[in-house]
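Scroll down for the structure; my scribbles are underneath it.
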Ligand SMILES: *Cc1c(COP(=O)(O)O)cnc(C)c1O
């Protein structure tokens, strides 16, 4: 009864839509949402506790609306790790990069405007776009027939974004925003920078958003889109503390862009959107960059181990610059997903037939996943079973 009333009152464009819904199951080995598997180190926990205690009495006051200290810390971190000099006025942050993405769509999208993205990519890009009343255009990945003939058949080329094909779609749709994701979730692969610059040139009225949530996990020598910011006022690069800094529960995402673009976001954010606790939490954790990036290196080793072992078992893992691996060559992905769950290992079925995605965990978690995969057998053994 009340369901009918609500369905009738809901915005027409939201009726029948499903909310974001990665299963949150209690399992011994959870490798399904690309979280950092390591708990926050003891030393960092102590610092967080002290920092929070220091601001607690002042919680009767609203926080610094411009989160100046945090912006300084983010600018320093990026300048140091990407070698691109950035100032605090080029930084913006929100409660997770999801909120930062929402700010972008609220400011540059809206009714009568569209955003272009290339599936499979981060499933939140279309959801955020649509909640802000913006039309979502699903672009095409993979080779055009003429590219295929030129390249011959290659394994994971179906997921590649090719420079000309991508730019062509950007030109044709002339959207207000273009979402690119590098390293891409769920495929794990980084974009070559030419795809980004070609989109930028092809869509002269678009804000180009490069989601770099997994940038810290990229293989050595992978360039960041941060290196393209200079002289490109419509380019935005988003990052998060959720993955590399093991802070998914802390909710802090950020972006780097031209100061004028950053300034425009102040029109759509809610006042005081970053709590004093969030600001001090994120600033404190950024003080442990070396420690946290050391953990990232350990996770990368487990990722590479997963790629090697799955290949040995006869599966087809996609080369990964992230803290997860998408692997193909699966006869029946829902069946393998369930069989792994029965073994206590939760991975993600991202809805690509023949593929599953697994997060690189601690060595023990990775052992558990690989042992379960070995017990369940490679593609040929599973077919005979
Ligand atoms: C995990 C993830 C994020 C992170 O979102 P937060 O809101 O910062 O936790 C952003 N983009 C992609 C592609 C992701 O996979």
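Each value in this text was obtained by applying a stated rule to the coordinates, not by laboratory testing. Only a predicted model underlies this, so the values are computations on that prediction, with no experimental measurement involved. Cβ placement follows ideal geometry from the backbone for every residue including glycine, while neighbour counts extend to all protein chains displayed.
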| Which of 106, 230, 90 moves most in a GNM of the chain, Cα contacts under 10 Å? | 230
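Summing -39500 (n - 2.57) over the DSSP H runs of n ≥ 4 in the chain and dividing by its residue number, what mean residue ellipticity at 222 nm do you reach, to the nearest 500 deg cm²/dmol?
Value at 222 nm, helices only, nearest 500: -12500 deg cm²/dmol.
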| query | If each residue's Cβ is checked for other Cβ atoms within 10 Å, how do 337, 92 rank with the fewest at the top? | reply | 337, 92
| field | Packing-based order for 38-45, 179-186, using average beta carbon neighbours within 10 Å, highest first | value | 179-186, 38-45
| query | Could you give the distance between the Cα centres of the range 84-102 and the range 222-271, to the whole Å? | reply | 3 Å
| Top of 123, 18, 333 by mean-square fluctuation, Gaussian network on the chain, Cα under 10 Å | 18
| request: Sort 270, 1, 226, 124 so the one with the fewest other Cβ atoms within 10 Å of its own Cβ comes first. | output: 1, 270, 124, 226
| query | Where both partners of a DSSP beta bridge lie in the range 43-287, what percent of those bridges are antiparallel, to the nearest 5? | reply | 35 percent
| request: For a quick protection proxy, order the peptides 214-222, 23-31 by their average other-Cβ count within 10 Å, most packed first. | output: 214-222, 23-31
| Length-normalised contact order of the chain in % [C-alpha pairs under 8 Å, at least 6 apart] | 21 percent
